[in-house]
Amino acid sequence: MYEGVVQGLIDELGRLPGVGPKSAQRIAFHILAADPDDVHRLATALTEVKEKIRFCTVCGNVAEAEQCQICRDPRRDPAIVCVVEESKDVVAIERTREFRGRYHVLGGAISPIEGIGPDELRVKELMTRIADGTITELIIATDPNLEGEATATYLARLVQPMGLRVTRLASGLPVGGDLEYADEVTLGRAFEGRRQLDV
Amino acid sequence: MIIGWGGPGRGVGASARVGAVADNGDVSLYRDEGIVLRTQKLGEADRIITVLTRAHGRIRVVGKGVRRTSSRFGARLEPFMHVDLQLATGRTLDVVTQVETLDPFGRTICADYGSYTAGTAVLETAERLTAEEREPALQHYLLLLGALRALAHGEHDAGLVLDAFVLRGLSIAGFAPSFAECARCAADGPHRLFSVQAGGMVCTACRPPGTVVPSPEAVALLSALLTGDWPVADASDARARRDASGITAAFLQWHLERGLRSLQFVERRGDEQAESVARGTRGGGGVREEPSATSEVERLYREIGDAEVEQA
């Protein structure tokens, strides 16, 4: 055990995900040895993120204002909405620079075994957005695992009767991989989603 | 083809049949077939996978790196998958070294939301009924395999498959309900009253507090589900199914002493008549009755409307 404040810091750091007691101790001593300006910057960043960041009232993404940057951007197409599970997924899709529409963050996926049903997700908010008639296409980009697929099935069934075009992200072979190493589930999906080559 | 971490000579050969599943005794590698019940995230990219196996009962194993998109067997270790596993004995949890798909039930079950919700309740029931880890549970395993096969092939209504699985799973666990003779004095039936606490139908003389009076059709359906009389079960009407599912859910929760999380999300189908009855109501026994997508949309918009009124 160390002197009160040092031990307090180690305990707090140890509560972070993936940080064990030894790592917490190492980080704490790194902070003790670091330049005071660097430590102040870290402390300010920590407090600011809790004070300034909230969730976008339109899409549920993290935002500094009432609406996030993407929802405020007039150049983004409001007719196409990409539905994702988490804010992290928005960043992943933004990195592709392929998508110019807007997003809707559900806040998770339907997982009855963990007690998460449609009512625990931002499905109602999505229905409100659809109701005003601006959206013409919904791209469902939930994770390609069981919960993500079930959420996609649920949303598609809910939204299709409303006359929207509902699409699902393709899944298949990773770029740069070898065909022989692909598992049969992924390879099967790749066959299902094959497309015509127009030369 | 078996893909995994084991290099040449370490793993089982491609020609090895599932029938040859055996414990290798002192060898740290062993092989078994099983059904994935649940997955939980572990660390950066790993998962703890709960599997109900043929020979080792319910076990919890680690799938290393299965959450990475580059994982070679992440797709095979999803719930509902029937797989052939090779495992390495670890200090606390065993580690998956090779996986081969036997039946990819997840894909077809997931394509239908009703089957998915019923299927997750089946998995949770199987997990709860096999309370002890590493306690062989062959009968539960075979019952689960049959239930998932029925769900994947869409042979019967998903809700009926769930109820049949619950009743038969409870029977294997030693809690078989009695639908013909009195559960207390064994007097020949038919009887009118059902008591969850007594364990089935009871005669008027034995009547304990808190009995219900199910319709004769519901009792016939419950009996058919327990014995596997599918022609009778498939011919049942929506009202009998609703009553039967309520009784089954209550019976299950009584014996498990704790509710099933997934049961409240089970979506059950009904005919037009049942739709009008069930619309806007949440059914008995903790079973939710949402018959179609249209009524689900109506419900959501109704709730949105209510919320807006409250805000105003």
Original post:
Non-local amide H neighbours of B:Gly57 (under 5 Å, H modeled in plane, Pro and chain starts lacking H): which ones?
Top reply: B:Ala137
Original post:
If you add up the charges near B:Gly65, with Lys and Arg at +1 and Asp and Glu at -1, over every other residue whose beta carbon is less than 14 angstrom from its beta carbon, what do you get?
Top reply: +4
Original post:
For chain A, what proportion of DSSP beta bridges, expressed in % and rounded to the nearest 5, is antiparallel?
Top reply: 20
Subject >> the stretch A:75-168 - percent relative contact order, Cα under 8 Å, separation 6 or more >> reply: 32
**OP:** For A:Lys50, go through the lysines and keep the ones whose alpha-carbon is under 27 Å away, minus same-chain ones fewer than eight residues off.
**Re:** A:Lys22, A:Lys88, A:Lys124, B:Lys41
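Report, as an integer, the average count of C-beta atoms from other chains found within 10 Å of each Cβ along A:68-76.
Average neighbour count from other chains, rounded to a whole number: 0.
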Original post:
Using Cα atoms only, what is the angle between the long axis of helix A:21-33 and the major principal axis of chain A, expressed in degrees (0 to 90) to the nearest 10?
Top reply: 60
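Sort the stretch B:93-211 into rounded, prolate or oblate with this rule: let a ≥ b ≥ c be the square roots of the eigenvalues of the Cα gyration tensor; rounded if a/c is under 1.5, and if a/c is not under 1.5, prolate when a/b is larger than b/c, oblate otherwise.
Working: a/c = 3.16, a/b = 1.90, b/c = 1.66.
Taking the square roots of the gyration eigenvalues as a ≥ b ≥ c, the stretch B:93-211 is prolate.
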Original post:
Could you give me the ³J(HN,Hα) list for the stretch B:179-189, computed from phi with Karplus coefficients 6.51, -1.76, 1.60 and θ = phi - 60°, whole Hz, x at Gly and Pro?
Top reply: 10, 9, 8, 5, 5, 9, 10, 6, 5, 4, x
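When A:Leu126, A:Leu9 are ordered from fewest to most other Cβ atoms inside 10 Å of their Cβ, what list results? Intermediate results must be reported in sequence, preceding the final value.
On the way: A:Leu126 23, A:Leu9 18.
Lowest count first: A:Leu9, A:Leu126.
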**OP:** Please label the shape of the stretch A:4-52 as rounded, prolate or oblate, based on the square roots a ≥ b ≥ c of the eigenvalues of the alpha-carbon gyration tensor (a/c under 1.5 means rounded; beyond that, a/b larger than b/c means prolate, else oblate).
**Re:** oblate
**OP:** May I ask for the Rg/Rh ratio of chain A, computed from Cα atoms with Rh as the Kirkwood radius, given to two decimals?
**Re:** 1.08
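To the nearest 20 debye, what is the magnitude of the charge dipole of the protein assembly as shown about its Cα centre, counting +1 on the Cβ of each Lys and Arg and -1 on the Cβ of each Asp and Glu?
On the way: 59 positive and 72 negative charges, 84 e Å.
Value, rounded to 20: 400 debye.
Only the coordinates and a few stated rules stand behind these numbers; no lab work does. Owing to the predicted nature of the structure, the values given are computational and were not obtained by experimental measurement. Neighbour counts are summed over all protein chains in view; Cβ atoms, including those assigned to glycine, are modelled from backbone coordinates with ideal geometry.
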